[in-house]
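All remarks here apply to the structure that follows.
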Amino acid sequence: MLHNVTNYFFPPSFTGSNDEYRQARIVVNTSLLTSLFSLNYVLISWSMNYWPGVYSMLIDFVIVLVLPFFFKWKLLSYRMVGYAFIASSFGAVFFNCLATGAYYSPIMAWLVAYPIVGTFLLGRRGGIIFTVASLTALMILWWLESRQVVLTNFILPDYQLLFSLNVIVGLILIQLMIALVFYNINQRSLRLVAEKNQLLSERTAELQQSLDNLQKTQTQLIQAEKMASLGELTAGIAHEIQNPLNFVNNFSEVSVELIDELKEDLEQKLNGTADDYLVEVLSDLTMNMQKITYHGKRADSIVKAMLEHSRLSTGEKQPIDLNALADEYFRLAYHGLRAKDKSFNAELVTDFDEKLDKVEGVPQDIGRVLLNLFNNAFYATQQKRNQQGIGYQPLVQVSTCLKNDKVELRIKDNGTGIPPEIVHKIYQPFFTTKPTGEGTGLGLSLSYDIITKGHNGEMAVQTEANQFTEMIVRLPIKN
């Protein structure tokens with residue numbers, strides 16, 4: 001109850017530290033208890049027809065009761081409230097001692113108690129002020145006692161009753177004050193425990209975050225080591241393939257030329273009367289050689305892309321033709337999936353802005369991002385094809401354009417989409433919807449870091465479950 005009353009007297013927005021807040025509550029609580037003491041003395045004095053006590057303590061009651069309102073209205077600080085109510089009560093008690101002539105009355109004990117109260121509420125300065133005041137008042141009373149000076153002719157009707165009542169009231173108020181002190185000490189202890197628990201929780205969270213970062217870094221290092229080993233293996237295989245592939249391309253081109261020369265010689269020697277069957281065979285051979293040349297050059301571009309992808313990134317940025325890079329990795333990702341699943345076929349649609357400016361970036365890093373996004377798109381369409389079977393045609397679209405001084409690349413598929421409840425998790429490390437063993441959960445996380453942190457770009461997603469997914473990459477023209 002006292003706690004709720006104290007809250008009423010507190011300003012709506014009290015500015016101060018925790019210690020000042022606690023001290024202000026103690027001052028207000030003690031002021032309210034003192035007003036009860038004054039009111040009690042008023043009632044006792046009135047019941048005994050002791051009118052000096054009624055008037056003096058009634059004035060003290062009004063002053064002490066009004067002071068918390070001054071604090072609530074921010075007219076006085078809590079320290080000024082403490083000084084004022086102690087001084088008012090001190091003056092009322094001293095006046096009653098003079099009025100009764102009872103210099104050894106129990107009420108004199110309050111003159112000794114006020115320095116203790118002043119020290120408790122107001123600190124060293126309050127203790128010094130009220131100690132001096134208390135010693136001065138007691139010396140005055142003792143001097144009047146020694147001179148047998150009586151200032152009034154008022155005689156208490158029942159001094160023993162007043163003595164008993166003062167002792168009882170004093171003990172009750174002292175117990176209330178002790179309870180108040182222990183309550184505030186307990187509240188402070190609880191607050192300190194709560195603060196330490198909060199600090200411990202924050203430290204625990206920081207340690208957990210550090211542990212998670214360490215585990216993430218360790219996993220990324222392991223993955224990087226695997227990718228480096230795979231890159232070396234890929235480079236070795238690509239180099240081995242490159243040599244025979246060069247022979248295939250060179251000799252196919254030479255064979256086409258030889259066939260053309262053979263046809264010309266036959267026509268000259270036979271004067272245009274060459275056998276139709278022979279001409280048809282030569283034409284077929286020419287067509288076959290042209291197909292070998294076409295697909296050989298295509299294989300050559302794939303091998304070169306593998307070599308480019310296997311090279312370790314130097315971190316050096318250079319102008320990148322995003323259209324060419326996207327088209328290259330688009331085909332590479334598609335044929336990579338078809339190498340695993342011969343039955344998979346998808347419609348590939350490109351819409352490249354031919355006037356697109358080059359962007360500055362690390363080709364190997366941007367290539368990894370594109371390869372990851374294309375792989376995800378083809379994987380989503382493959383999964384949907386397995387679910388729906390005949391009647392579903394996988395479609396993956398890639399487009400580029402210039403928008404708001406940024407190059408925007410969009411990769412859209414009509415695959416399984418992403419459920420709305422997990423869209424916000426797709427960039428988190430180790431989060432994956434793929435079955436165990438098929439995905440590490442680091443692809444989108446690393447891609448997001450490469451685009452946003454490594455190239456000052458943006459990465460966004462638009463998706464609808466079981467309908468489509470569109471990944472959007474925006475890169476500045478100049479970093």
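How big is the gap, in Å, between the Cα center of the stretch 114-146 and the Cα center of the stretch 39-101?
Spelled out, the Cα-based centre of one part sits 17 Å from the other.
Among 97, 401, what's the order by accessible area (1.4 angstrom probe), most exposed first?
Sorted by accessible area, descending: 401, 97.
Not counting ligands, DNA or RNA, and with a 1.4 Å probe, what is residue 327's accessible surface area in Å² rounded to the nearest 10?
For residue 327, the solvent-accessible surface is approximately 50 Å².
May I ask you to rank 335, 455 by accessible area, largest first, using a 1.4 Å probe over the protein chains only?
Accessible-area ranking of 335, 455, largest first: 335, 455.
Sticking with the crude label model, points 7 Å out along Cα→Cβ, report the distance from residue 390 to residue 43 in nm, one decimal please.
Taking the two extended label points, one gets 9.9 nm.
Round to the nearest 0.05 the FRET efficiency obtained for residue 285 and residue 402 when R0 = 51 Å and r is the Cβ-Cβ distance.
So the FRET efficiency works out to roughly 0.60.
Per 0.36 nm of contour for each residue apart, how much would the distance between residue 278 and residue 242 grow if the chain were fully extended, relative to their Cα-Cα spacing?
Taking residue 278 through residue 242 to full extension adds about 9.5 nm, to one decimal.
Restricting to bridges with both residues inside the stretch 305-426, how much of the DSSP beta-bridge set is antiparallel, in percent to the nearest 5?
Bridges in the stretch 305-426 that DSSP calls antiparallel: roughly 70 percent.
Step through the table entries 317/403; 342/453; 269/297; 297/317; 263/342, compare each Cα-Cα distance with 32 Å, and write down the pairs that go over it.
In this structure, 342/453; 269/297; 263/342 lie more than 32 Å apart at Cα.
Using a 1.4 Å probe, how large is the accessible area of residue 39, given in Å² and rounded to the nearest 10?
60 Å²
Using alpha carbons only, how many angstrom separate the centre of the stretch 283-298 from the centre of the stretch 360-405?
The distance from the Cα centre of the stretch 283-298 to that of the stretch 360-405 comes to 30 Å.
Could you calculate the FRET efficiency of residue 145 with residue 75 from 1/(1 + (r/R0)^6), where r is the beta carbon distance between them and R0 is 41 Å, rounded to 0.05?
0.50
What order do 142, 46 take when sorted by accessible area (1.4 Å probe), most exposed first?
Putting 142, 46 in descending order of accessible area: 46, 142.
Rank-order 421-427, 116-122, 29-35, 134-140 by packing density, defined as the average count of other C-beta atoms within 10 Å over each peptide's residues, highest first.
29-35, 116-122, 134-140, 421-427
Taking R0 as 45 Å, what FRET efficiency do you get between residue 294 and residue 213 from their Cβ-Cβ distance, rounded to the nearest 0.05?
So the FRET efficiency works out to roughly 0.35.
Could you compute Rg(Cα) / (2.2 N^0.38 Å) for the stretch 343-479, with N its residue count?
Expressed relative to 2.2 N^0.38 Å, the Cα Rg reads 1.06.
Provide the solvent-accessible area of residue 47, counting protein heavy atoms only and rolling a 1.4 Å probe, rounded to the nearest 10 Å².
Surface open to solvent at residue 47 totals about 80 Å².
Show me 457-467, 72-82 ranked by packing, highest mean number of other Cβ atoms within 10 Å first.
72-82, 457-467
The values are calculated or read from the model by the stated rules, or taken from the named source; none is laboratory data. A quick note: this is a predicted structure, and the numbers were derived from the prediction, not measured. Positions of Cβ are backbone-derived with ideal geometry, glycine not excepted, and every protein chain shown enters the neighbour counts. Ligands, DNA and RNA are stripped out before the accessible areas are found, and what is left, the full protein with its side chains, is counted by its heavy atoms. Shrake-Rupley method; radii C 1.70, N 1.55, O 1.52, S 1.80 Å.
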